[in-house]
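Take a look at the structure below.
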């Protein structure tokens, strides 16, 4: 079987993976790079649980061929977790009970991070819009919005 | 007084840190070296006779380890309800001579990768003689409908009858006395649980002949028992390990992945993973049952409900799973938390050639509550009474006999309604605000007297 070699930056480290040509970024992360925080929910771009950042943009890893991230910068939930600590979004999700079964949580946090990186103090409506591609079937949307709003406030955003 | 340490405090979830860091281990996060993958060949038709299954091309496909058919299953029957004394078992693990719904598993292709397994699965040749499917519960009960179950009817048999029932008091007398007759028909569609995590199972054969099984089942010991029966293996040879379930809602209690994954592991001597696609999760997992409820109530102008007659059809789909049990829960709950002296309930657990229905969050009860509470609003409207009042007037109280023969001991409906009224700022008249579940007076007592 033919193979391709793809070099990219993964969570700040230069990474090279050799995979079969049709391999998605999701499969490459989970099964080749052994980074399992990123989840497969529908594997057809419908649920957002595989959301990672590619050059800071929220990206569905299940629909992205690994070949497309050649030379790009990929960030997963593992990449934003400080050793022995929590990213402010992780802390807010933890404190606000914004995770129930936990399966959609990695994608939610990455989509929220992409939003806060480009807009440090979004309104609740802007947060809801940014997370609209991420499904939570335990229906914990309100605590998720609360958690992201908490971080937006810490970023210096007022009560808008 | 001693300060309480936990009560009244907000306590972090014990799994919260794992969830927010992505370190919680879900079953799909577990992999073993030299692992194989399953892709299932499923029925393309809703009802048919299997003439032949030709797996030769799939077996010859490079990278395929084996193909599993019904003959590989030691005891090819799901035993979901036999463990709680309800039978007969009716669902094969893998279809043998007939298929009963579109998506029914027929044979499992086990291969080096999911891609190879899927490609090879597409090479399995099925010869199925399509038969007229039964897709509607009312049609299923008609004499001219094909009888789809092997025992020759389209219903589950309860005590020799084609339905389960409650007979309490005399409904016809109640209707004759009533000032108003209020009727309603309530229908619910099947509902898919749609967990974000699909069904996943990993089975690993151990050198000592045991199996280690990781599964996202919601019912670990139930799954262990069922798997042991299907494998004809003592349960102490199977180490069944559960874990965090990525959304269940009742949809992961039907033992749908573990037996086949175990058989694949035993047959190949290698670890095997089976994870369902989103399409399989949506089209082949159990759903909440579709329900049709016809309700007729006899009501007095003062608000008392004096008779209730219910005919309810529960769509089990092709096989039992948990539906015969759900229908019985439905039967006892379709009277609602109200004291009605004359009750007649017939609940049919009906089979159709649809995706089987089973457990989902209060199944049987949720559907009943929907019908009952919409009906209460209709009754209130019919006699011009406040919807709060109609419920409080008829609310069951401690000491009231329930139609299924149990004395009420733990009624809290009155207090719950009063608290709800307070929360939404609805002021109840003093008589209603002072009611209590331990009251001897009121309409319930009057009903007891007339009954």
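The values are calculated or read from the model by the stated rules, or taken from the named source; none is laboratory data. All figures in this text were calculated on a predicted structure; none of them were measured in a lab. Virtual Cβ from ideal backbone geometry, glycine too; neighbours counted across all protein chains shown.
Any residue in the stretch B:177-198 that is buried (at least 21 other Cβ atoms within 10 Å of the Cβ), under 22 Å from the mean Cα position of the chain (by Cα) and away from chain A (no Cβ under 14 Å)? Checking the stretch B:177-198: not a single residue is buried (at least 21 other Cβ atoms within 10 Å of the Cβ), under 22 Å from the mean Cα position of the chain (by Cα) and away from chain A (no Cβ under 14 Å). In the set B:205, B:234, only one residue is touching a residue at least 60 places away in the same chain (Cβ under 8 Å) and more than 14 Å from every other protein chain (Cβ to nearest Cβ); that residue is B:205. Of all residues in the stretch B:307-337, those being surrounded by fewer than 24 Cβ atoms within 10 Å (Cβ to Cβ), more than 14 Å from the chain's Cα centre (by Cα) and not in a helix (DSSP H, G or I) number 5.
One residue stands out in the stretch A:88-119 among those that are in a loop (DSSP other than H, G, I, E, B) and touching a helix residue (DSSP H, G or I) at 6+ places or on another chain (Cβ under 6 Å): the one that is nearest to residue B:197 (Cα to Cα), namely A:102. The listed residues are A:68, A:87, and the only one of them that is more than 11 Å from chain B (Cβ to nearest Cβ) and either touching a strand residue (DSSP E or B) at 6+ places or on another chain (Cβ under 7 Å) or over 30 Å from residue B:361 (Cβ atoms) (or both) turns out to be A:68.
Conditions tested, residue by residue: (1) assigned by TED's automatic domain parsing to the domain that holds residue B:368; (2) farther than 21 Å from residue B:42 by Cα.
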{"site": "B:211", "(1), (2)": "no, yes"}
{"site": "B:230", "(1), (2)": "no, no"}
{"site": "B:238", "(1), (2)": "no, yes"}
{"site": "B:247", "(1), (2)": "no, yes"}
{"site": "B:257", "(1), (2)": "no, no"}
{"site": "B:266", "(1), (2)": "no, yes"}
{"site": "B:270", "(1), (2)": "no, yes"}
{"site": "B:293", "(1), (2)": "yes, yes"}
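Against the criterion of being in contact with a helix residue (DSSP H, G or I) (Cβ under 6 Å, 6 or more places away or on another chain), farther than 30 Å from residue B:226 by Cβ and assigned by TED's automatic domain parsing to the domain that holds residue B:70, residue B:94 does not qualify.
A count restricted to the stretch B:53-65 and to residues that are in contact with a helix residue (DSSP H, G or I) (Cβ under 6 Å, 6 or more places away or on another chain) and under 18 Å from residue B:95 (Cβ atoms) stands at 1.
Given the conditions (1) in contact with a helix residue (DSSP H, G or I) (Cβ under 6 Å, 6 or more places away or on another chain); (2) closer than 19 Å to residue B:223 by Cβ; (3) surrounded by 20 or more Cβ atoms within 10 Å (Cβ to Cβ), which single one is not true for residue B:76? Single failed check for residue B:76: (3). The criterion of at least 2 residues that are in contact with a strand residue (DSSP E or B) (Cβ under 9 Å, 6 or more places away or on another chain) and closer than 20 Å to residue B:131 by Cα is met by the following strands (runs of 3 or more DSSP E) wholly inside the stretch B:25-109: B:36-42, B:48-54. Selection of the stretch B:12-29 for residues being surrounded by 10 or more Cβ atoms within 10 Å (Cβ to Cβ) and more than 9 Å from every other protein chain (Cβ to nearest Cβ) yields only B:27.
Tell me, please, whether a residue that is within 9 Å of another protein chain (Cβ to nearest Cβ) and out of contact with any helix residue (DSSP H, G or I) (no Cβ under 8 Å at 6 or more places or on another chain) can be found in the stretch A:120-131. No. Condition check for residue A:100 on (1) more than 11 Å from chain B (Cβ to nearest Cβ); (2) buried (at least 16 other Cβ atoms within 10 Å of the Cβ); (3) modelled with pLDDT of 95 or more: one failure, at (1). The set of residues in the stretch B:281-306 that are within 14 Å of another protein chain (Cβ to nearest Cβ) and surrounded by fewer than 19 Cβ atoms within 10 Å (Cβ to Cβ) comprises B:282, B:283. Restricting the search to helices (runs of 4 or more DSSP H) fully inside the stretch B:110-188 and requiring at least 2 residues that are under 26 Å from residue B:379 (Cα atoms) and in the same structural domain as residue B:290 (by TED's automatic domain parsing) gives B:171-177. Of all the listed residues (A:38, A:27, A:18), the sole one being touching a strand residue (DSSP E or B) at 6+ places or on another chain (Cβ under 9 Å), more than 14 Å from every other protein chain (Cβ to nearest Cβ) and under 22 Å from residue B:33 (Cβ atoms) is A:18. Note on the stretch A:62-79: residues that are in contact (Cβ under 8 Å) with a residue 60 or more places away in the chain and farther than 30 Å from residue B:217 by Cα amount to 10. Which residue out of A:29, A:53 is within 14 Å of the chain's Cα centre (by Cα) and not in a strand (DSSP E or B)? None of the other options fit; the residue is A:29. Look at (1) surrounded by 19 or more Cβ atoms within 10 Å (Cβ to Cβ); (2) outside any helix (DSSP H, G or I) and you find that residue B:244 fails only one, number (1). The condition of being away from chain B (no Cβ under 14 Å), free of Cβ contacts under 8 Å to residues at least 60 places away in the same chain and surrounded by 19 or more Cβ atoms within 10 Å (Cβ to Cβ) holds for only one of A:105, A:59, that being A:59.
Scanning the stretch A:28-42 for residues that are surrounded by fewer than 21 Cβ atoms within 10 Å (Cβ to Cβ) and free of Cβ contacts under 8 Å to residues at least 24 places away in the same chain turns up A:31, A:32, A:33, A:34.
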